[in-house]
Each structure stands twice: as structure tokens, then as C-alpha cells.
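To start, the structure under review is shown below, and the notes come after it.
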Amino acid sequence: MTSTEEIILDFKTLPTWEEKYEYIIELGKNSQFINPKLTDEKYLLEGCQSKVWIKCKVRKDEVIFIGNSDALITRGLVALIIKLYSKNCKNDWEKMFVGREKERGNHHVLKEIGIIKHLSMTRAQGLSLMEEKIKNYAFDWIQNSSY
Amino acid sequence: MTLQKKIRDKFPFFKNNQGIYFDNAATTQKPNVVIERIINFYKTENSNVHRSLHKTGVHNTEEFEKSREAIKDFIGAESSDEIVFTSGTTDSINIIASSFFKKTLKHGDEILISPIEHHSNILPWQNLIKETGAKIKTIPIKADLTYDYGEIQKLLKRRSVKLLVIHHVSNVTGITQNIKQLIDEATKSAVRVVVDGAQAVAHEKINVKKLGCDFYCFSGHKMFGPTGTGVLFGKKELLSQISPYKFGGGMVKNVGINKSTWLQSPYKFEAGTQNIAGVLGLGKAVEFIQELGIDLIKKIETEIMTCMVEELKTIPGIQIYGDEKRTIPIFSFNIKNIHHYDLTALLAENNVLTRSGHLCNQPLMSYLNIDGCVRVSLAFYNTPEEINCFILTLKKVISFLKNNK
């Protein structure tokens, strides 16, 4: 099962908002993709309601993302988005970009798990920015052999 | 049925929504009379204004001008020629910045702006200084987030100061500034004054003539009218000096292929087909407010404001900004060790509609040394029951976030 399917399945078993948000917050606390010490200005994404930091790096044939946020729910969403993109090896990324260029995230998964419905465009914009940064980095990585 | 319930029933939004709408500073709900006016226009009256001589065209022109007349009376302007229809406060401020002040401000002139203005009352001026070589001079504010009148008075005496840009009511603190005093001082020093009245029109009695300001800008949608409507009030003698800023049908006296002449204000500023349905709806919104009366609105709002203040005091770790001088029911706050985004997201999850973030006031957020806050903004249709329910939800959400920290 892919991360996306896992997360959707997990979410479907959570009936109340408390449980859904507990799940999201927990993701932010326990995720290998979150580093609460990541607060360097150069990793800060401008335009989100809460502060979001995303650091991208390449290790062997893999691109790695580490993130953080000053808001509990956002930190969980950062972990979630990174989780969705982190298993992509170079081949997976290439497949993702075939014929699609660097398109912005359509929040497909976030919509399905029922988080995004109450988030305003401003906040959704924050999610788009996270996805955009991750995708842009990956796109440049597969385009540019110097990585 | 209480009077407040009767008034609330005039707003169909509340019949169709279970949530608590506490985001009135962003936009207010619309009463049936406004909605019906717009529907009826499109259903039975639709035609253009100021052009066609057929019966419907003439009727609509009369109705359109009646709205202008109603707004003139509502804000105490001297003449309806002083009322220009725009798409909102932002549009109004941009129009005067890019027309009147672009022409009159010179290199080295100073514009006084405070750090507690809405972005819409900062950005057009920032753009203007690039084009004119004028400068922005920040005016001081006091710890209670009101204007520092003494300091402004001193600044107004500088010969380079040509324009004072202020707001009437803050969209963050709900404080009504004593703008009359500032306008009087500015006028003595021959400094022009532009007032952002976006948050004032639905709550305060406005009389531009008594205030004496040169320009007063506001939006229709924050006063129970349609979105995409707004007003630029300008003193007649100033509007007559302004050249049109956009060109098209409906604004001309005579058009030649090389040269044309314009109609007088306000028509020379209203090129192209106007937001007719919107303007008619706005006229109804004004009528609605006047029928209720600002005095009654103030009375109800003071009651709900007192109720909210008492309730908010019971929340541990709360910090409310500009709490001492509030005049309208806008409450911006943070809770210690809880992010405003988390709070608002979970309030929304519980059907309490509030706003968080920098509230289009980033310089004020920097002044307060915060990234943002939660804003709860009420109007006369919000009830004490809603306040109680909001407080219970707020407590539940705070406890949830603390337990999951």
C-alpha cells in the first residue's frame, strides 16, 4: 500500500474532529520528516499563515525533505505532505513529471481525508506552497545532473 | 420575540447556516431587502443606466441615482456629486492615490501614515512614493493603539507634510479614532486628509461635512451591502480638479478622434457600465441601516460587546489587543502558548467562523511583536447565546490543543 492509501485508510477510521486532528498533530510530533529545531530563515516559506520551514537535500539517489512549523496542526500537515512525497526515488519523480511539468498540488489526498474542507484559501495556499517547493526542488534535481 | 431576534430574522444566512458567524469585519451578512433588490433588478428591470432613453433605462438611471442620493444623506455629504461609486475601499484609495495625489505630490513631500493602517491604506501610498518621489513618514501611536495626537500635531506643522492618511475604526482593535481632532489640525496646516472608513460605516454615525475630511473611502460589503461595491467621497472642489483615471463609455461630454471632454464628477470617474445591481443593493443596505438607526445598532452592539468582554476575561492566558478603548465589537487576541492558526482551524471545525493571521495589518503585528492573532468580529445580529457557545467552544479547543501539545 502507498503512503497515500495508508493515510486515507487511517483517516476513514477516525470519526470525530478530535481524533482526526489528534492524528495530524501526532504525525507532526513523531515524524522522521520533522525537525523542531529547523527554524532557519533560509528554509522559511513565505506566505503561510503559520511559519513553515522546508529543507531539501539529495542523498544518493533520493531527495530528502525535512520540515517544521510553529503551529501544531500545520506541523502535522508538513509531516503529512513530506510523507506523501518522500518515497519518490528519481524514477518515481520522473514518472510524476512526465507531461505534467511542475504543476501545483491539487490537494487530492488532503481533500479526500477531509482536512482541507474547513481550511480557507489562505491556508490552502500554504499547503500549495509546501507542495510547490518540494516539487520544484525535485524537478530541478532530475533536470540538473550536477546534483 | 426579542427585537434582536426580529432583526436577525431579516438575514437569510442565519436560516441556512448553523454556524456562528463572527467574521463581520471581513464581510457582513446581507438582509433580504438587499438580496431581493439585486434579484429583482436582474429578473425584471435589467438594462443599462445613463444611456438608453427607453422606459427601463430611465427607471434604472433614476434608481441608480437614488442610491447615490441615499449615500450622500447617509454620510452627510453636501452634494451627490461628491459620491463616486467604486468597487470598494481599496479601489477608492487607489483612485485618489493614482489620480489626485499623483498629480499634486512632489519630490520631497511627506505623507503621514501610521503603522496601524490596513494594507489597503498603505500599499497605494507606497506605490505613489515610487512615482512621485514623495516620502512616507510614520506617525506615532500610543500604547493603547490610538493615534498619538500630540505627536501628530507636531508633525503636521512640518512644511514638507502634505497628506495625512488615517483610519476611522481599526479592523484589528475595534477602536474608533478621534479623527475629527486630527482633521481639524491637518486642515489648519493645509494638509490633505484621506480617511479609510471601511470598518466605521456599519457602526458609527458618519458626517463627512462635520468631519471636514477631504476624502472618505468605504466598502458596501462591510455594511450589509453587496460585494464589489464601494464609495469614494471627495470634496466637490477637489473632485473637480481630478482628471479621470480610466476612460470609456458614460463619462464623456464630447469625443473627437484626437481630443475629448469629460462630464463633471462623479460621472467622469465612472467610465464603462457600472455595477448597477450592486449599487441598487447598496442603496437598500443604506436604507436598512437607517431604518434600524445607528443608535439602536450601537445599543445592541454595546450590549454584546460588554458580554464578550466579560466572557473573554474568563479565558486563562488570553491577551487582547487594544482592549481599553474598544468602541465596536472587534476582538483580536492570542492565547499563551497556543498558535492562532491552530485555534482558528479548530474553531472552524466546530462551526465558529473567525479569522486569524496578520489581518492585513502586518506593520501592526510587528509593532505588537506577534506573527498574527485570532480575530472575532461581531455585528448587531450576533446574540449573547452565540457568545456563550463560542466561549464554550473556545475553551474546548484550547483544552484540546493543550492536551495534545
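The values are calculated or read from the model by the stated rules, or taken from the named source; none is laboratory data. As the structure is a computational prediction, the values presented were derived from the model and not from experiment. When we count neighbours, we look across all protein chains shown, and the Cβ atoms used for this are built from the backbone with ideal geometry, even at glycine. In case anyone asks, the SASA skips ligands and DNA or RNA and just uses the protein heavy atoms, side chains included. Shrake-Rupley method; radii C 1.70, N 1.55, O 1.52, S 1.80 Å.
Hey, among the residues in the range B:375-405 that are open to solvent by less than 10 Å² (accessible area, probe 1.4 Å) and within 11 Å of chain A (Cβ to nearest Cβ), which one's nearest to B:GLU303 (Cα to Cα)?
Selected residue: B:VAL397.
Scan the range B:73-86 and give yes if some residue there is under 24 Å from B:LEU155 (Cα atoms) and β-branched (Val, Ile, Thr), otherwise no.
No, the range B:73-86 has no match at all.
Restricting to the range A:1-57, and then to whatever is part of a loop (DSSP other than H, G, I, E, B) and among the aliphatic types (A, V, I, L, M), can you tell me which residue is least open to solvent (accessible area, probe 1.4 Å)? So that I can check it myself, show each step before the final result.
First, the residues of the range A:1-57 that are part of a loop (DSSP other than H, G, I, E, B): A:1-2, A:13-16, A:31-33, A:35-40, A:46-51.
Going one step further and asking which of them are among the aliphatic types (A, V, I, L, M), we end up with A:1, A:14, A:38.
On the way: A:MET1: 151, A:LEU14: 31, A:LEU38: 14 Å².
Here the residue is A:LEU38.
Test each condition in (1) of a type in the set (S, T, N, Q); (2) more than 14 Å from every other protein chain (Cβ to nearest Cβ); (3) touching a Cys at 6+ places or on another chain (Cβ under 6 Å) for B:THR302 and report the one that comes out false.
Failing condition for B:THR302: (3).
Which residues, counting only those in the range B:342-362, are open to solvent by less than 10 Å² (accessible area, probe 1.4 Å) and in a helix (DSSP H, G or I)?
Of all residues in the range B:342-362, those open to solvent by less than 10 Å² (accessible area, probe 1.4 Å) come to B:342-347, B:352, B:356-357, B:359, B:361.
If the condition is that a residue be open to solvent by less than 10 Å² (accessible area, probe 1.4 Å) and in a helix (DSSP H, G or I), then B:ASP342, B:LEU343, B:THR344, B:ALA345, B:LEU346, B:LEU347 are the ones that fit.
What pairs come out if I take residues in the range B:236-256 that are within 21 Å of B:TYR216 (Cβ to Cβ) and modelled with pLDDT under 90 and pair them with residues that are surrounded by 13 or more Cβ atoms within 10 Å (Cβ to Cβ) and among the charged types (D, E, K, R) whose C-beta lies under 8 Å away, six or more apart or interchain?
Within 8 Å, the pairs are B:PRO244/B:LYS268.
Across the range B:363-374, what is the number of residues that are open to solvent by 10 Å² or more (accessible area, probe 1.4 Å) and either in a helix (DSSP H, G or I) or of a type in the set (Lys, Arg) (or both)?
If we filter the range B:363-374 for residues that are open to solvent by 10 Å² or more (accessible area, probe 1.4 Å), which is where we start, we get B:363, B:366-371.
Now restrict to residues that are either in a helix (DSSP H, G or I) or of a type in the set (Lys, Arg) (or both): B:363, B:366-368.
So the count comes out to 4.
Mind listing whichever residues of the range B:227-248 are outside any strand (DSSP E or B), open to solvent by less than 40 Å² (accessible area, probe 1.4 Å) and more than 14 Å from B:ALA202 (Cβ to Cβ)?
The initial filter retains those residues of the range B:227-248 that are outside any strand (DSSP E or B), namely B:227-229, B:235-248.
From what is left, the residues that are open to solvent by less than 40 Å² (accessible area, probe 1.4 Å) are B:228-229, B:238-239, B:242, B:244, B:248.
Correct list: B:GLY228, B:LEU238, B:LEU239, B:ILE242, B:PRO244, B:GLY248.
Does at least one position in the range B:322-334 carry a residue that is within 14 Å of another protein chain (Cβ to nearest Cβ) and either part of a helix (DSSP H, G or I) or touching a Cys at 6+ places or on another chain (Cβ under 6 Å) (or both)? First the steps, then the outcome.
Of the range B:322-334, the ones within 14 Å of another protein chain (Cβ to nearest Cβ) are B:334.
Subsequent filtering for residues that are either part of a helix (DSSP H, G or I) or touching a Cys at 6+ places or on another chain (Cβ under 6 Å) (or both) retains B:334.
Yes, the range B:322-334 contains at least one residue that is within 14 Å of another protein chain (Cβ to nearest Cβ) and either part of a helix (DSSP H, G or I) or touching a Cys at 6+ places or on another chain (Cβ under 6 Å) (or both).
What about B:ASN258, is it open to solvent by 30 Å² or more (accessible area, probe 1.4 Å) and touching a Ser or Thr at 6+ places or on another chain (Cβ under 9 Å)?
Here the answer is no, as B:ASN258 does not meet what is asked.
Could you check the range B:121-164 and list, in sequence order, the residues that are assigned to a helix (DSSP H, G or I) and either of a type in the set (Lys, Arg) or open to solvent by 50 Å² or more (accessible area, probe 1.4 Å) (or both)? Don't jump to the end; show me each part of the working.
Of the range B:121-164, the ones assigned to a helix (DSSP H, G or I) are B:121, B:123-132, B:149-156.
Listed by number, the residues that qualify are B:LEU123, B:GLN126, B:ASN127, B:LYS130, B:GLU131, B:GLU151, B:GLN153, B:LYS154.
When B:ALA190 is evaluated against the numbered criteria (1) in a helix (DSSP H, G or I); (2) surrounded by fewer than 13 Cβ atoms within 10 Å (Cβ to Cβ), which criterion, by number, is the only one it fails?
So B:ALA190 meets the others, but not (1).
The rows are residues; the columns are (1) buried (at least 23 other Cβ atoms within 10 Å of the Cβ); (2) free of Cβ contacts under 8 Å to residues at least 24 places away in the same chain.
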position: B:ARG51; (1), (2): no, no
position: B:VAL58; (1), (2): no, yes
position: B:GLY76; (1), (2): no, no
position: B:PHE85; (1), (2): yes, no
position: B:HIS107; (1), (2): no, no
position: B:HIS119; (1), (2): no, no
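Consider only pairs whose beta carbons are under 8 Å apart and that are at least six residues apart or on different chains; among these, list those whose first residue lies in the range A:22-35 and is among the hydroxyl-bearing types (Ser, Thr, Tyr) and whose second residue is not in a helix (DSSP H, G or I).
A:TYR23/A:LEU14
Sort through B:TYR21, B:TYR42 and tell me the only one that's out of contact with any Gly (no Cβ under 8 Å at 6 or more places or on another chain), at pLDDT 95 or above and exposed (fewer than 13 other Cβ atoms within 10 Å of the Cβ). If you could, list the steps in order and put the result at the bottom.
Numbers: B:TYR21 fails: exposed (fewer than 13 other Cβ atoms within 10 Å of the Cβ).
The unique qualifying residue is B:TYR42.
Which count do you get for residues in the range A:35-59 that are farther than 18 Å from A:SER128 by Cα, under 17 Å from the mean Cα position of the chain (by Cα) and either away from chain B (no Cβ under 14 Å) or modelled with pLDDT under 90 (or both)?
4
Taking B:ILE304, is it open to solvent by less than 10 Å² (accessible area, probe 1.4 Å), assigned to a loop (DSSP other than H, G, I, E, B) and in contact (Cβ under 8 Å) with a residue 24 or more places away in the chain?
Numbers: open to solvent by less than 10 Å² (accessible area, probe 1.4 Å): yes; assigned to a loop (DSSP other than H, G, I, E, B): no; in contact (Cβ under 8 Å) with a residue 24 or more places away in the chain: yes.
The answer is no for B:ILE304.
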